[in-house]
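What follows is a single structure, written as structure tokens, with notes after it.
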Amino acid sequence: MAIKVLVVEDDRNIAMAEYLFYRGKAEEAVELLDQYIDSPDISLRYSAAVLTIFASISHGNAKKAEHATE
């Protein structure tokens, strides 16, 4: 799996969350992304927010999606 070759752990986690989302495991993806929602790194924070919004909406959790936009 190409995700394993990513050197930076944060990049691996974001990539894994994307993988989980596209494999139909939205809840697991959101759990993994939670640690990045308030990240000082804007690229991690925005990646986590966008994926959390999509995963939460697809799983029927509008409150979680709303929290990701704050």
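Points to keep in mind about this one:
- Trypsin sites (Lys or Arg not before Pro) within region 3-61: DSSP coil, no more than 14 neighbouring Cβ in 10 Å: 23
- Inter-label distance, nm, simple model (7 Å from Cα along the C-beta direction), residue 3/residue 46: 2.3
Each reported figure results from applying straightforward, stated rules to the coordinates on display, with no laboratory input. Note that the structure is a prediction, hence the values are computed from the model and not measured. All Cβ positions, even for glycine, are placed from backbone atoms using ideal geometry, and neighbour counts span all protein chains on display.
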